[in-house]
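One structure below.
The values are calculated or read from the model by the stated rules, or taken from the named source; none is laboratory data. Keep in mind the model is a prediction, meaning the values are calculated, not measured. Glycine gets a Cβ as well: all are built from the backbone with ideal geometry, and neighbour counts include every protein chain shown.
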Amino acid sequence: MSIQFSHYRNSISRYNGKGGTTFAVEINQTDAKNYNIGDCVNISMGIAKCSDKDCFNKKIGRELSSSRLKNIEFNVISIRKSLDMKNSKISTRIILKADNTILTINQSSQNSKFQLFSVEIF
């Protein structure tokens, strides 16, 4: 298992360099290949939020978010497979939902690893 990161900065922080959020997610590749809709799965996730008054620092965000990893129970709500006609590869997109979080992971082909695509907190 390896930790993957997603960095989010709103439109204002993109231009002034202040604020931002870093998500750390640890995906068990073997388990992800066997997910079915309705399954409850535990995924480790950590969050580091940078103040709107501080300059965003990717390295510090990664260190903090990975140190805050904790298991969260997600439900698999969608699995979508699609065929790329050019190279005959099947890609998979899985959407998982916890209380106030939606996590999307992608696998570009059946032989590749799942990659963190997006994290949404509402």
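Side notes on the structure shown:
- Of residues in the stretch 49-85 being farther than 20 Å from Y8 by Cα and among the polar types (S, T, N, Q), the one modelled with the lowest pLDDT: S82
- Within the stretch 72-122, being among the aliphatic types (A, V, I, L, M), under 16 Å from S6 (Cβ atoms) and part of a strand (DSSP E or B) holds for I72, I94, I95, L96, I102, L103, I105, L116, V119, I121.
- Among the conditions (1) out of contact with any Phe, Trp or Tyr (no Cβ under 9 Å at 6 or more places or on another chain); (2) not in a loop (DSSP other than H, G, I, E, B), the only one that G38 does not satisfy is (2).
- Flag if K49 is over 17 Å from F117 (Cα atoms) and in a strand (DSSP E or B): yes
- For the stretch 2-22, taking the residues that are at positive phi and at pLDDT below 85, the one that is nearest to the chain's Cα centre (by Cα) is identified as G19.
- Here L83 meets the list (1) out of contact with any Leu (no Cβ under 8 Å at 6 or more places or on another chain); (2) surrounded by 12 or more Cβ atoms within 10 Å (Cβ to Cβ); (3) not basic (K, R) almost entirely, failing just condition (2).
- Among the residues of the stretch 59-111, those identified as closer than 16 Å to Y35 by Cβ and of a type in the set (S, T, Y) are S78, S91, T92, T104.
- Selection within the stretch 13-32: residues that are outside any strand (DSSP E or B) and in contact (Cβ under 8 Å) with a residue 12 or more places away in the chain. The member of this set that is farthest from F74 (Cα to Cα) is G17.
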